[in-house]
Each structure stands twice: as C-alpha cells, then as structure tokens.
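The values are calculated or read from the model by the stated rules, or taken from the named source; none is laboratory data. Note that the structure is a prediction, hence the values are computed from the model and not measured. With ideal geometry, Cβ positions are generated from the backbone for all residues, glycine too; neighbour counts draw on all protein chains shown. Side chains included, ligands, DNA and RNA excluded: accessible areas come from the protein's heavy atoms. Shrake-Rupley method; radii C 1.70, N 1.55, O 1.52, S 1.80 Å.
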Amino acid sequence: MSRKSTLGDALAAHPSVDMLAPAIPIIIWAISGRPVPDDNISQNLFVALSTLSGLVMAAVTFICSMSYQSESRYMQIARDRYHDELSRNWVSIIAWTAITAVLPLASLCLWPSRPGLSTAISIYALVMMIAKLGRSIHWMKYTLFMQKASMTIGEPFTDKDMQKAFQRHEANGIR
C-alpha cells in the first residue's frame, strides 16, 4: 500500500484533525489587522452561515444513514471491521455540523459588544462546516464504492479483489 493511501486512511479515521483546519484562516485574519465588516453585512452573513450549516446538516445526516443502511455485503463487512472509525467520524461530523449552525447565532448576540470575536467565531464555523462536509463526502464516496464493488466482485473476495476494484474505480476517473 502506498504512503499516500496510508496517510489518507489515517486522516479519514481520525476526525480530530479537522480541528486544525479553522486555525489557519483565523490566524491569517488576525494577522491582517482583523478587518471587521459593517453591521448589516455581518449580521446577514451570520444568518446565512447558520442557514447553510443547517442545510449541510441535512445532507450529512442523509449520507450517514446511507452508510449505515447500505445492504451491500462489503459495506456490512466494512461496518463490522471499522465500526470504531465510522462511529467516531459520524459522531464528529454530525455534532460539529450542528455546532456550526449555532455558532453564527452566538456571533449575532456578541456582535454589539465584541465584533472581532464574533467575526472570528463565524470564520471558525464556516471552515469547520466545510471540513465536516468534505469528510462526509469522503464517506459517501466510500459507501458508493463499496456498493459498486459488491456488485462487481464475486464471493469469496480477497484484499487483492478490492485493490483491483479500487484501481478500476480510479482509472475510470470517478472521484
């Protein structure tokens, strides 16, 4: 197995690395002199961000149910074999997506007294929401791949069969 795959697998298995993603834009924003938008723009942005997080929450909940309700033989094996990783990921994705819907509303309350902090909180919420959406899309692609593999690989299957199916999947340009 290649090093890239191993690193990708490690990142996919541990959702805690997503906590680092919002740090970079917040640090850049703070170093840049912390420009704060005016009242109308900020408040409308906070409401829009909260709404967008709610829509992402609906999507990630659907993807989670798709992963756990898949009747694909190989997805059932993956759920049995990688229960801890899947559970850790989905709890993190759903919990943090819910939090990213609430944080901009907290920013609205803080805006009159702490506009800089409100902006930082909303930047954090936006980047975290994007990271969790990306993570859920990764698991959606994994589930769809396993369903397709279940249809194309006969029983009994081996790790080599799965590697061949993955190589065909990659060669066809399906990302």
Checklist entry - When all protein chains stay in place, what accessible area (Å², nearest 10, 1.4 Å probe) is found for Glu170? => result 70 Å²
Next on the checklist: Could you compute how much accessible surface Lys141 exposes when probed at 1.4 Å, giving the result in Å² to the nearest 10?
Outcome noted: 80 Å²
Item to check | Listed residues Phe62, Phe145 arranged by accessible area, highest first, probe 1.4 Å | outcome: Phe62, Phe145
Checklist entry - Over region 63-136, with a single point scatterer placed on each C-alpha, what log10 of the ratio I(q)/I(0) does the Debye formula yield at q = 0.12, 0.22, 0.24, 0.27 1/Å? => result -0.45, -0.91, -1.00, -1.13
Next on the checklist: If I ignore ligands, DNA and RNA and count only protein heavy atoms, how much of Val127 is accessible to a 1.4 Å probe, in Å² to the nearest 10?
Outcome noted: 30 Å²
Item to check | Ala21-Leu108 FRET efficiency (beta carbon distance; Förster radius 35 Å; 0.05 resolution) | outcome: 0.90
Next on the checklist: Can you compute log10 of I(q)/I(0) for region 15-64 with the Debye formula, treating each Cα as one identical point scatterer, at q = 0.16 Å⁻¹?
Outcome noted: -0.72
Checklist entry - Rank Thr51, Thr61 by accessible area, highest first, at a 1.4 Å probe radius? => result Thr51, Thr61
Item to check | Cα gyration tensor, region 42-85 - rounded (a/c under 1.5), prolate or oblate | outcome: prolate
